[in-house]
Amino acid sequence: MARVPNLSALRLFQQLAQTCSFSETARLANVSQPALSRTIRLLEEQLEARLFDRDTRNVSLTPAGEALFPVVNRLLADFDGAFSEVARSLGGQHGRVVLGALPSFAASTLPRFLAAFQPVHPNISIVVRDGLSGAVYRQMRDREVDFAVLTPPDAHEEDFAFEPLLDDPCALVCRDADWPDPTRTATWRYFTDRPFIAMAAHSSVRELADAAFIRAKLTVRPLYECAQLATVGGLIAAGLGVSALPLSTRPMLDAYDLAWLPLERPRISRQIGITYLAQRSLSPQAGRVRDALSAMMRERIAGE
């Protein structure tokens, strides 16, 4: 059974078939003529067929060589095309990136980033997985998400690296009618006198509010608990209560025309940043997306 020839031998065969000259092929391939002759001879032995007729003046393909020539052209073209594709992927110019994000970040900041990034990198496909921090962290651990923009991992979650991007302070969210005196400072004690509309337990927003109540030594039980920010906004707009939400969520509730007042005593904020598995190398294209997103956020913060 004939052995499969290597790519170098096939390339030399292709060039010799095109030039019909050992000296010209040797020059173009930067090899010696004896080395070229030896390679062609070994190729003929591997294929068990004479590929060239040659004498002191002429070199021409035999019928076996003519049959092999289009096959070699196709094989080398396919290989070069596939290798170029791999090179583009390894260079971060081509490929697929799965990006996780908090819903508030995905709805407010991420669209502006994608609108700026995609025209410059049209061959990088970005899949967005928005969700609560806990769910997205699980997806990263299961290798379903490359990296994400989230709140920091729990202290015991040592598998993840975290690069802070911004602080996201909490605000009182209510109807204008529920805050008649704009000169007063909004404090967490306000929630002891009004029905509290909370986000679902274990969400980063709910954990933020619960931490503030503990620090302020207040006991506040929610009247409603919602999984979606839009539901919180609708309940507030209907006069059913008030809430405490990070300022980054405001674009998601703009349709309700609510009042947003920074909360004091204590001032509470959550940190949002880029996180990924510490022991897992990001693909070149995921690294390109991460670096571009981080640079955009730094420019945005510097301009504020």
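For this structure, a couple of remarks:
- Once the Cα atoms are used to define both axes, helix 33-47 deviates from the longest principal axis of the chain by about 80 degrees.
- For the peptides 115-125, 278-288, the ranking by mean Cβ contacts within 10 Å, running from highest to lowest, is 278-288, 115-125.
- Neighbour-count ranking [beta-carbon atoms within 10 angstrom, fewest first] of Cys170, Cys20, Cys226: Cys20, Cys226, Cys170
- Using a Gaussian network model of the chain in which every pair of alpha carbons under 10 angstrom is joined by a spring, one finds that among Ala135, Ala259, Ala177 the greatest mean-square fluctuation is at Ala177.
- C-alpha long axis of helix 63-90 to longest principal axis of the chain, angle in °: 20 degrees
- The range 7-90, dipole about Cα centre (Lys/Arg Cβ +1, Asp/Glu Cβ -1), debye to the nearest 20: 240 debye
- Sparsely packed loop sites in the range 136-223 (the GluC sites (Glu not before Pro) outside DSSP H, G, I, E and B with at most 10 other Cβ atoms within 10 Å) comprise Glu158.
- Antiparallel %, DSSP beta bridges [both residues in the range 98-271], to 5: 45 percent
- As a ratio to 2.2 N^0.38 Å, the alpha-carbon radius of gyration computed for the chain takes the value 1.67.
- Cβ-to-Cβ counts within 10 Å put Asp146, Asp159, Asp154 in ascending order as Asp154, Asp159, Asp146, the fewest first.
- Quotient of the Cα radius of gyration of the range 152-209 and 2.2 N^0.38 Å, N being its number of residues: 1.54.
- CD proxy at 222 nm, helix term only [per DSSP H run n ≥ 4: -39500 (n - 2.57); per residue of the chain; nearest 500]: -13500 deg cm²/dmol
- Between the range 106-171 and the range 1-75, the Cα center-to-center distance that results, in Å: 54 Å
- When both bridge partners sit in the chain, DSSP labels roughly 60% of those beta bridges antiparallel.
- In units of the compact-protein estimate 2.2 N^0.38 Å, the range 1-78 shows a Cα radius of gyration of 1.00.
Values in this text are rule-based calculations from the coordinates and carry no lab data. What you see is a predicted model; the values in this text were computed from it and never measured. Neighbour counts are summed over all protein chains in view; Cβ atoms, including those assigned to glycine, are modelled from backbone coordinates with ideal geometry.
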